[in-house]
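Trainee: Okay, handing you the structure first.
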Amino acid sequence: MAVKLHRCPNIWVKVEGHPCWRVQKTLDEQGIEYEVVKEPFRRGKRSETLERTGGRMLPWIEFEDGSVYRAESKEMADRIRQGKLREGQEVAQPAG
């Protein structure tokens, strides 16, 4: 099952300290299929992120069933490495 990685539009930034890259790189390393969804660079324009996660921070992951997972990028990367990404579905549910 593919997931969607909602991240900043700066795909070219590939440094260890960048939160979006940290999560994307970990998904790649673990062989997890995903689709990149570029969110607006400016936090004030991230209305979908706010609606879906309750905040404006990136990155976040959307599962096929519409549930979402958002945490600090280091925590997200650790969970992915541990093979527990799906457990993140319980962290945040879509508003509605």
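The values are calculated or read from the model by the stated rules, or taken from the named source; none is laboratory data. Since we're looking at a predicted model, the values are computed, not measured. Quick reminder, even Gly has a Cβ in these numbers, built from the backbone with ideal geometry, and neighbours come from all protein chains shown. Side chains are part of the model used for accessible areas, which takes the heavy atoms of the whole protein and leaves out ligands, DNA and RNA. Shrake-Rupley method; radii C 1.70, N 1.55, O 1.52, S 1.80 Å.
Trainee: Please give the solvent-accessible surface of Lys84 in Å², to the nearest 10, using a probe radius of 1.4 Å with every protein chain present.
Mentor: 80 Å²
Trainee: Further, regarding this structure: Would you work out the relative contact order for the chain, in percent, from Cα pairs under 8 angstrom that are 6 or more residues apart?
Mentor: Details: 157 pairs, mean separation 31.0, N = 96.
About 32 percent, as a whole number.
Trainee: Using a Förster radius of 25 Å, what is the FRET efficiency between Asp28 and Met57 based on their Cβ-Cβ separation? Nearest 0.05, please. It would help to have the intermediate numbers written out before the result.
Mentor: Values: r = 21 Å, r/R0 = 0.85.
Computed FRET efficiency for Asp28 and Met57: 0.70.
Trainee: Within the chain, which is the longest segment containing none of the chymotrypsin sites (Phe, Trp or Tyr not before Pro) that sit in a DSSP loop and have at most 12 other Cβ atoms within 10 Å? Mind showing how you got there, number by number?
Mentor: Values: sites that count: Trp12, Phe41.
No qualifying site falls inside 42-96, the longest such stretch.
Trainee: With both partners inside the chain, how many of the DSSP beta bridges are antiparallel, as a percent to the nearest 5? Please report the intermediate quantities before stating the final value.
Mentor: Numbers: 6 of 11 bridges.
So the antiparallel bridges in the chain amount to around 55 percent.
Trainee: Here is a further query. Determine which residues of region 52-82 fall in the zone a paramagnetic label at Arg43 would reach in this model, i.e. backbone nitrogen under 13 Å from the point 7 Å along Cα→Cβ.
Mentor: Answer for region 52-82: 55-59.
Trainee: Here is a further query. Roughly to the nearest percent, how much of the accessible area of region 1-90 is carbon and sulfur, given a 1.4 Å probe?
Mentor: Working: 2390 of 5130 Å².
The C+S portion of the solvent-accessible surface of region 1-90 is 46 percent.
Trainee: On to the next question. How would Val15, Val3, Val37 line up by accessible area, probe 1.4 Å, largest first? Display every interim value, and only then the final one.
Mentor: Values: Val15 85, Val3 5, Val37 35 Å².
Ranking Val15, Val3, Val37 by accessible area, largest first, yields Val15, Val37, Val3.
Trainee: When the chain is fully extended, how far beyond the present Cα-Cα distance does Glu35 get from Arg86, taking 0.36 nm per residue of separation?
Mentor: Working: separation 51, 0.36 × 51 = 18.36 nm, distance 1.60 nm.
Working it through step by step, the gained length comes to 16.8 nm.
Trainee: Turning to a different aspect of this structure: Leaving out ligands and nucleic acids, and using a 1.4 Å probe, what accessible area per residue does the chain come to in Å²? Spell out each step's value before the answer.
Mentor: On the way: 5580 Å² over 96 residues.
Normalised by residue count, the accessible surface of the chain is 58 Å².
Trainee: I've got another one for you. Note the count of lysine pairs whose C-alpha atoms are less than 23 angstrom apart in the chain, limited to pairs 8 or more residues apart or on different chains.
Mentor: Step by step, the pairs that qualify in the chain add up to 14.
Trainee: Please say if the chain is rounded, prolate or oblate, where rounded means a/c under 1.5 for a ≥ b ≥ c the square roots of the C-alpha gyration tensor eigenvalues, and otherwise the choice is prolate for a/b larger than b/c and oblate otherwise?
Mentor: Details: a/c = 1.63, a/b = 1.07, b/c = 1.53.
Note, shape of the chain comes out oblate.
Trainee: Calculate for the chain the 222 nm mean residue ellipticity that helices alone would give, adding -39,500 (n - 2.57) per DSSP H run of length 4 or more and normalising by residue count, nearest 500 deg cm²/dmol.
Mentor: Working: 3 runs with 27 residues, N = 96.
Mean residue ellipticity, 222 nm, calculated: -8000 deg cm²/dmol.
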